Each structure stands twice: as C-alpha cells, then as structure tokens.
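This report concerns only the one structure given below.
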Amino acid sequence: MMGRIVPVAGCAAAAALLLLGCAEGEGPHGGDDGGAGQDASVWWPEITEPEPPASPAPPELPRMTPCPEGWREKVDPDDAALVTCDPWPEGGRQDCAEDEAHFPGRPRCERIGPPCPEGEWPAEIPEDARVLYVRAGEPAGGDGTRERPLGRIADAVAAADDGDVIALSKGVFDEEVWIDRAVLLLGACVLETRIAPSGAGPAAVTLRAAAVVRDLQIGGAEVGVEMSGAAVTAVLDSVVVREATGIGVYAYLQARLEATNLVVRETAGDTGYGLYASGALVSLERVVIDRARIRGLMISGGVLTATDLVVSDTKGNGAFGEGLVAVGGAQVALERAVLRGNRTAGVWAFGEGTLLTAVGLLVSNTREQESDGAAGYGIVDFGGARVTLERAALERNHAIGVGVVGEGTELTAADLVISDTQPQEANGMLGGGVEVNRGARVALERVIVKRNHDGGVVVTSEAVLTGTDLVVSDTDERPGDGFGGVGLEAREAAQVALERVVIERNHAIGVVAYDDGVTART
C-alpha cells in the first residue's frame, strides 16, 4: 500500500533528505522556475512514508487451567483473561469436626475413616488374619478373644506375631504403645478410639517395625507417633493426631512413612511441629496439618512426596511459624498443595542440595511473626537451595511474595501468579512481589506480578533474572513512608534479560536501573 505524500519545503530541506544539490534558480526537474502561479522554492517529491513497525507480540498469560479435579476457576478482579485455581468452594475452606477434615478439591468436610459402629469393635476386621481384641479399661486376665479381650495394647503386642491384627474397642487407652512387629493396629473409629497416655512419656505410639495404624486418634504425649530405623515402614491410614505436646508425627534415621487421610492438629510446646522428618522417606496423600505451634511440616535431609496436602495456621512462638521447611539436602515434591495462614514464611527452602518442586501450589495469607511484626513471606529460597514451581499462585502474603537469596540459589517458575502482597503491618514497609539478590538466579516463564507494593520485581547484588512472557503491573507505594511503587528495579551489578514483557500502571516508576555493572536487556 502506498503511503501518503509528505511535502518538504526549501532546497536545504530537500538536500538533507535526498542528498541532492540545487543550483540557484533551478528546480529539481531541471526547470528554471516553478511556472506560473507556482513558487519555485517549494516542491513536493514523492516520498513514501514507511509502514509503522508491527506491534510486539503480547506476553502469554500463565497457563493455570485446566484446574485440578474439584478445584474451581477464579477470575482475577482486574483482568477477566487471568484465571487461577481455587482449591475450596465459593464459601471457602470449612471448619470441621474432630474426626473430619476438608481436603483440597473437595466440596466439604469429610470424615476420616469409617463411621463409628453401633457396637464397640471395628465393623470391618480382616478375615484372613489372627485377631487380638483389646478393650479399654478391661481388667487383666483376658486371652485376646472377643469374649475375653485383653485390657492393654502392650499385652496384645507382646502376644502378637507378624501379620496379626490388634483390634481396639471404643474408649481411651491410657498407655504408651511400643510396636516392634508387623501388625495392624485397628481402631473402631477415629472419633471414639483414642490412645492418650496421661504420663509424660516420650511418645504415645512408637513404631519399630513395618506396622500399620488405622482408624483411631492419638495424642497427649510429647510425640504422637514416632518411628525410626531403616527396618521401619510405617503406614498411617485414617488417623488423627491431636494435642501432642511436642511433635505430632516424627520420622527419622531412614524410616519410611506412608500416610493417607492423616490429620495432625494443635501440637503445642517449644518443639511443636506438626510433622518432622529427618533423614526419612515420607509419602503423604490427603494430609492436613492445622495449628501447629512452631512449624507445620519440616524435612531435614531425606525425601518427601506429598499430594493433596494442606498446612495451615501454624501459630509460631513469637518467631518461626513456617508452613513447610526443607533443609539439609532434602528432596521435596509437592502436587496440589495448599499452605495458608502460616507465619514467617509459607515455604522455606535452605541449603546446598535442597531441592523443592511444586506443581499446583497455592501459598496465601502468610502472616508476620508475632514478636516484631516482620516477615510473612510467601516463599523463601536461599543458601543454595533450588526451587521449581509450575502452576503456582502466591496471594496476600506479607513483605515479599518470593525471595531468592544467595550465590548458588536458584528458582525456576513457569505459569506463576504473584499478587496482592501486603506490607508488614508493624511498619508499613516492603510488600514486593519478587526479590532476587546476593548472586541468586531466577528464570521466569509466563509470570504475572500484580497489585503488590514497594517493588514488583527487584534484582540486586549481582543476582540474575531471565524471563519470557512477564507482566508486572499495578505496584503500589509502601504505606510506611509513601515511597516505592516501582515495576522493575535493577541495581548493584544485577543482570536482567527479558523477552515479551509488559510493565504498566505502576505507581511511581515503570523501570529503574542504576549502579555500576547493571545489565538490563529486553
């Protein structure tokens, strides 16, 4: 298509554009003048204006859908094209009864294990195994039959062989249980069968063999369930651990733990962890850890895989209160995991060799430490740990959505939304989306950082950020001093390389890069 004709006045202008000289009185076409009624000093060469450059391709939005089964689509209030996935129904996560839990992707609370039977014994007992019956409060002298049950679990364990079933009646068993053989410890139901020693013993249930614990409730001791040693392959199925004074579930020294439909609630004391694994191999499916005292879930070394996991409302003791902590070279793989309402940090990964991978992750509403009102981070990755995120959302955390710190520390994320990070309540400071510093490296693909405070994305201290399809928008000032509101900031020899990036509607500055050694390329 031809462009419009642009008039150019004067010989000097024509020379500048066409590199043609004009002799006095001579027009560009060789005539002596412009002719009758025409000014010879003005002429109109036919210059075709070039077509404007094509608009750059917009960033591709995060691919958050299709949502996992049972999770619902949630449309961003400012952008109908941005859809994330919510694990809870419209009314949010429900408060559940003592023997219930609300798992991600489920419409309501669900009972843990079978309903309580009309009688005192479990309704379904394996028919192909020898069964030893234990009735809470039964006097000594029984033989383990249903007609003459034993009165203590310890007596049943002593009489059992590998493969036997120890069937517990309804009631409270006031004893510490030590299991050193491969038996099934079976309760009548979670609500009405409870192991709760009244003494100050180290653990309510200690496992030293390939044992299975099912359909009951445990609590009262310093540790709810403790297992250790390579010979231990423990299975917890439909178990509630409540009000342990130290650690709800403790696995260490190469023990193997497989837990399904496990609920750990309200651990207390100075060591109040929900689940603590050290050098163990842990597999979790449909697990809820609520209201732990110090940390919800901690793994030091070893391997953890978890599907449909919830860690929520860890209290802290003035400090701490993290939802999930991975240290010491731990290998962690999460799928459909929710960390909500914890303190200090939702996820904390630290140390060389520590690897954490999460697919379908929601970290939200992380609160500050009680002691000083600081922190409240969504994810902290530092000290050489490596974190990989896929289809993750970080919402309404405090201080920083994602912080990546230290030489050798890496974070890779695809399909990530970081939104609505809030300043610290104590001083109104921080509230940024992504912060990368001290030589850490971050690679982003299809990422949106929006409605945060202070700095949307901040890269400092020789850190490296690469990104494709990045949107940073609507960063607000920090209320503590009225400053901030920067979309992208690079300083102190930071290196930034971005492709297909939009930075818009930030409060103060879209992009700022300063200090010697900074490299920014788009």
Legend entry - Options A333, A306: the member that is more than 15 Å from E395 (Cα to Cα), touching a residue at least 24 places away in the same chain (Cβ under 8 Å) and surrounded by 24 or more Cβ atoms within 10 Å (Cβ to Cβ): A306
Inset, instruction - Taking the options G431, G360, name whichever one is at pLDDT 95 or above, in contact with a His (Cβ under 8 Å, 6 or more places away or on another chain) and at positive phi. - result: G431
Inset, instruction - Please work out which one of (1) under 29 Å from E370 (Cα atoms); (2) more than 16 Å from the chain's Cα centre (by Cα) is the condition V325 fails and give its number. - result: (2)
Legend entry - In the range 64-87, the residues that are surrounded by 12 or more Cβ atoms within 10 Å (Cβ to Cβ) and either part of a loop (DSSP other than H, G, I, E, B) or at pLDDT below 95 (or both): M64, T65, C67, P68, G70, W71, D76, D78, D79, L82, P87
Legend entry - Residues of the range 219-246 satisfying the condition of being of a type in the set (A, V, I, L, M), touching a Leu at 6+ places or on another chain (Cβ under 9 Å) and in a strand (DSSP E or B): V225, M227, A234, V235, L236, V239, V240, V241
Inset, instruction - Could you tell me which residue of the range 375-419 is surrounded by the fewest Cβ atoms within 10 Å (Cβ to Cβ), considering only residues that are among the basic types (K, R) and part of a strand (DSSP E or B)? - result: R386
Legend entry - Hey, I112 among the hydrophobic types (A, V, I, L, M, F, W, C) and surrounded by 18 or more Cβ atoms within 10 Å (Cβ to Cβ) or not: yes
Inset, instruction - Tally the residues that are among the hydroxyl-bearing types (S, T, Y) and within 25 Å of the chain's Cα centre (by Cα), restricting the search to the range 226-242. - result: 1
Inset, instruction - Take the range 420-440 and flag every residue that is farther than 16 Å from R451 by Cβ, surrounded by 24 or more Cβ atoms within 10 Å (Cβ to Cβ) and not aliphatic (A, V, I, L, M). - result: E435
Inset, instruction - Please verify whether the range 363-371 includes one or more residues that are under 13 Å from the mean Cα position of the chain (by Cα) and assigned to a strand (DSSP E or B). - result: yes
Inset, instruction - Inspect all residues belonging to the range 251-265 and state whether any of them is on the phi > 0 side of the Ramachandran plot, among the acidic types (D, E) and either crowded, with 20+ Cβ neighbours inside 10 Å or touching a residue at least 24 places away in the same chain (Cβ under 8 Å) (or both). - result: no
Inset, instruction - Could you pull out every one of the strands (runs of 3 or more DSSP E) wholly within the range 420-506 that has 1 or more residues that are farther than 26 Å from T388 by Cβ and free of Cβ contacts under 8 Å to residues at least 60 places away in the same chain? - result: 486-491, 495-504
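The values are calculated or read from the model by the stated rules, or taken from the named source; none is laboratory data. All of these numbers come straight from a predicted model, not from anything done at the bench. Cβ atoms come from the backbone with ideal geometry, glycine included; neighbour counts cover every protein chain shown.
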